[in-house]
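Take a look at the structure below.
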Amino acid sequence: MQVQHLFNGISQQPAEDALDQKHSLMSSKVMETRYYEGCGREGPIRCIFLGEFHPIAGPKISCQFPEDYISKEVFDSISAYIIPKPQIQKCTMTINALGHKIVGYPIRIDNSRYERNVYLFNLCFVCDSWSKTVQYEPVVKKLGEHLTIMEEETRFVSSGCTKLPTLLAHLLHDLNTHRKATLVEGDTVMHLKVLEVRKDPSPVNDHDVPVLVASVGLPRPGRPQRTTPPEGAEVPHREHLDLDLDDEEPFEVDLDADWDLTTRQLLPYINGYNHVSKIAADTNVEKTLVKSCIQNLLYYGVVTLIPVLKFSNMYRATPSLSRLFSDHELQKSCLAFITMGYENKEKPKLSDVLGILCALQQGTTLRAVSERFCNTVPATLDIRRLVVFAQMHGLIKCLKRYPVYIRSPPRPNGFTNRADPMTGIRRLFTGRHCADEICCLARIELAALDQIIEEDPNVAIIWR
């Protein structure tokens, strides 16, 4: 009934106005379904304002950009949270009310030079109610502490400085456009940057193999190349900033950079072939510390994890392999990576690379594929590096073996048993542990595990 009444009310307007109203209504409905609190999308900063406690007028907005974005009625409704009680001063706070999400850091300065011996203010960022704002909290806190120092030295805030509107406009533009800003006031320079809050990385296992993503300046694994719009083409307006850190170009890893001691010790051993247990043994570092360090590198996109590379492995091509046929940058990166160290010798052709990758399939081991192509491809083609590269970019997938014990084995203590030393290992044959993981947990070679599986008719293998 409400929708019908709406259209009846505009029926006397020109046809084009009615069409605009209809499109606006449809757009708002689409927005309601796509954007909502908790959707995880990141929106731009809509407004920045400075709220303060006036000794006579009470809480008020002394400056904001754009002007009148936050009305007096809205501010009065939430002023108790903008200028809060002393117990939550200098605490990052977020208010989601009346269609706005406001991030602030309330400041209290006690000094006898103020009329009530105290000065209260809060510089706040205003975003859409559906927007994720946790990434702005460190910026707001740093700004609040910076303004506190300037206020204590020169009364920059309480004096109603005429530079404040320009400062807020500069902040809003640079943080939305470049995600960083530089503020210069006299001899004071402050750098601000909006950092991305990433998802927690997956746990690191003993049998995982870390690979330096940026070791040769490769694009991030599994991500499509950035495309530049043709010259003169219209660039669509971005209504919101829904940025994904994985789309950023990786940085080069400098082994001499200011890393912590553990990371500096581990980096030379992260070569794409050593698994976590081997790295811990070679570096004489506690395994839990190695896992924690690699998980930290994984969080920041410095490394990615792949399965242990063995010639007995089986791989299969993924639909992403088609990218290698058309993506010239990916082709160039692939040929450069697999021929590293052979710059002045015969280069392999792209057809050689595609032939090897297409030959990888279930039922065919990497050893069989290597023997098939050993006499037809140049010696400069390092098939191990090709497998690492293809896995990093999601072109192929390693098929893992999961042993399953059909009958319930006895229950020994640990991995050893006087009657049958292999009984403890068989207890891991549950279908939840792959062969690589079992080898690391039981500290046995893969050949020994294969012999146990082969000799026991009650063990089945699941490939996935």
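The values are calculated or read from the model by the stated rules, or taken from the named source; none is laboratory data. Keep in mind the model is a prediction, meaning the values are calculated, not measured. Note that each Cβ is placed from the backbone with ideal geometry, even for glycine, and that neighbours are counted across all protein chains shown. Please note that ligands, DNA and RNA were not included when accessible areas were found on the heavy atoms of the full protein model with its side chains. Shrake-Rupley method; radii C 1.70, N 1.55, O 1.52, S 1.80 Å.
Residue count for region 309-328 satisfying the condition of being assigned to a helix (DSSP H, G or I), in contact (Cβ under 8 Å) with a residue 24 or more places away in the chain and either β-branched (Val, Ile, Thr) or surrounded by 11 or more Cβ atoms within 10 Å (Cβ to Cβ) (or both): 4.
Scanning region 270-293 for residues that are part of a helix (DSSP H, G or I), in contact (Cβ under 8 Å) with a residue 12 or more places away in the chain and either charged (D, E, K, R) or under 11 Å from Leu212 (Cβ atoms) (or both) yields Asp282, Lys287, Lys291. If you go through region 428-452 and pick out every residue that is over 19 Å from Asn205 (Cα atoms) and open to solvent by 20 Å² or more (accessible area, probe 1.4 Å), you end up with 4.
Rundown of residues vs (1) within 30 Å of Val140 (Cα to Cα); (2) at pLDDT below 50; (3) open to solvent by less than 60 Å² (accessible area, probe 1.4 Å), yes/no style:
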| position | (1), (2), (3) |
| --- | --- |
| Asp20 | no, no, no |
| His23 | no, no, no |
| Thr33 | yes, no, no |
| Tyr36 | yes, no, no |
| Arg46 | yes, no, no |
| Glu52 | yes, no, yes |
| Ile56 | yes, no, no |
| Pro59 | yes, no, yes |
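Hey, could you check region 183-211 for residues that are part of a strand (DSSP E or B) and touching a strand residue (DSSP E or B) at 6+ places or on another chain (Cβ under 6 Å) and say which is farthest from Gly272 (Cα to Cα)? Write out each step before concluding.
Residues of region 183-211 part of a strand (DSSP E or B): 183-185, 188-193, 209-211.
Next, only the ones that are touching a strand residue (DSSP E or B) at 6+ places or on another chain (Cβ under 6 Å) stay: 183, 190-193, 209-211.
On the way: Leu183: 43, Met190: 40, His191: 37, Leu192: 36, Lys193: 33, Val209: 6, Pro210: 6, Val211: 5 Å.
For region 183-211, the residue satisfying everything is Leu183.
Inside region 180-193, residues that are free of Cβ contacts under 8 Å to residues at least 24 places away in the same chain and open to solvent by less than 30 Å² (accessible area, probe 1.4 Å) make up a count of 1.
Here Asn117 passes the criteria (1) at pLDDT below 95; (2) surrounded by 14 or more Cβ atoms within 10 Å (Cβ to Cβ) except the one numbered (2).
Table: residues versus (1) under 12 Å from Ile396 (Cβ atoms); (2) among the aromatic types (Phe, Trp, Tyr); (3) under 28 Å from the mean Cα position of the chain (by Cα); (4) surrounded by fewer than 15 Cβ atoms within 10 Å (Cβ to Cβ).
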| position | (1), (2), (3), (4) |
| --- | --- |
| Gln331 | no, no, yes, no |
| Ala336 | no, no, yes, no |
| Ser351 | no, no, no, yes |
| Ile356 | yes, no, no, no |
| Val369 | yes, no, no, no |
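Residues are listed down the side, and each one gets a yes or a no for (1) closer than 30 Å to Arg41 by Cβ; (2) at pLDDT 90 or above; (3) surrounded by 13 or more Cβ atoms within 10 Å (Cβ to Cβ):
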residue: Asp247; (1), (2), (3): yes, no, no
residue: Pro250; (1), (2), (3): yes, no, yes
residue: Asp256; (1), (2), (3): no, no, no
residue: Thr263; (1), (2), (3): no, no, yes
residue: Ile270; (1), (2), (3): no, yes, yes
residue: Ser277; (1), (2), (3): no, yes, yes
residue: Ala280; (1), (2), (3): no, yes, yes
residue: Glu286; (1), (2), (3): no, yes, no
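Only one of these conditions is not met by Ile294: (1) open to solvent by less than 20 Å² (accessible area, probe 1.4 Å); (2) at pLDDT below 90. Which number is it? It is condition (2) that Ile294 fails. Here Ile149 passes the criteria (1) on the phi < 0 side of the Ramachandran plot; (2) open to solvent by less than 80 Å² (accessible area, probe 1.4 Å) except the one numbered (2).
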